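Single-structure report; data block below.
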Amino acid sequence: MLLLGVKADKAKEVVDIKRLGRNAGLVEIFKWNVSDTLRRAKGLAIRVPEGWVLTSKGKDHIRGLGLLPGKKSVQSLRFAASLRKEIKKIIDPDTVAFLDEAVICFEANLYRSAVVLSWVGAMSLLQDQIMKHHLGVFNAEAQRRDSSWKTAKAKDDLSRMKESDFLDLIGSPPVSLIGKNVKEELKNNCLQLRNACGHPNSLKLGENRVAAHIEVLILNVFSKFS
């Protein structure tokens, strides 16, 4: 029911519901018979041609449990709108997919997922820049730093390098794709938060912390390289 409450007025196919569940950390959802569960939900959800959607009774039920997303502050709504604006400028479909899901998660108070997905989108853009403009010098510097580095020929090859090492390399000469201060912000704050959100722990986040994370990525990655 909670997953149907994400953009509650938009019907969702089972594959969409499972994707939202996965992004929220509910990996066991792939073992569920989602359609059968919703059919037995006592009128809380209904199947329409476009997929499953909450009924008025279903919305009232979730609202009564306090599970519908709370009202966002004006500042947080602005951050979400800014990210959507940046998405429209991006051509790469993989990056667009990551960012679109990040915004959906942010608006639904799925803050850990929003952090992880926005970070993945930012890294995708930085990798695109290396592939298009700096691949030769990147490989040369990577091999100078680590003789075991195998020459990257495709974007996926860049993922063999740890993200912290990748940021160090692209934030230093001779690549210098990003400046030193940007590198430190991405590495010491954004990446650390992403790592904390990507593993089970007791960390709790609010919308302001997540909005700040997204703002850093907008100003220093998406706006610059999209």
Check: Is there a residue being hydroxyl-bearing (Ser, Thr, Tyr) and part of a helix (DSSP H, G or I) anywhere in region 172-194?
Finding: no
Note to self: Being of a type in the set (S, T, N, Q) and surrounded by 16 or more Cβ atoms within 10 Å (Cβ to Cβ): is that true of residue 76 here?
What the structure shows: yes
Next item on the list: Would you check if there is a residue in region 145-161 being β-branched (Val, Ile, Thr) and either crowded, with 18+ Cβ neighbours inside 10 Å or modelled with pLDDT under 95 (or both)?
Entry: no
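For every residue, the table says whether it meets (1) at pLDDT 90 or above; (2) in the same structural domain as residue 113 (by TED's automatic domain parsing).
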residue: 9; (1), (2): no, no
residue: 21; (1), (2): no, no
residue: 26; (1), (2): no, no
residue: 38; (1), (2): yes, no
residue: 46; (1), (2): yes, no
residue: 50; (1), (2): yes, no
residue: 54; (1), (2): no, no
residue: 57; (1), (2): no, no
residue: 80; (1), (2): no, yes
Notebook entry, point to check: Could you give every pair whose Cβ atoms fall below 9 Å, whose first residue belongs to region 108-131 and is farther than 18 Å from residue 201 by Cβ and in the same structural domain as residue 164 (by TED's automatic domain parsing), and whose second residue is assigned to a loop (DSSP other than H, G, I, E, B) and among the acidic types (Asp, Glu), counting only separations of at least 6 or pairs across chains?
Noted result: 124/92; 125/92; 128/92
Margin query: Quick check on residue 137: is it within 25 Å of residue 102 (Cα to Cα), assigned to a helix (DSSP H, G or I) and of a type in the set (A, V, I, L, M, F, W, C)?
Written below: no
Item checked: Residue list for region 6-46, filter: in a loop (DSSP other than H, G, I, E, B) and over 19 Å from the mean Cα position of the chain (by Cα) -> 8, 9, 10, 11, 13, 32, 33, 40, 41, 42, 43, 44
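The values are calculated or read from the model by the stated rules, or taken from the named source; none is laboratory data. Bear in mind the structure is a predicted one, so any value in this text is a computation, not a measurement. Every residue, glycine as well, gets a Cβ built from its backbone with ideal geometry; the counts of neighbours run over all protein chains shown.
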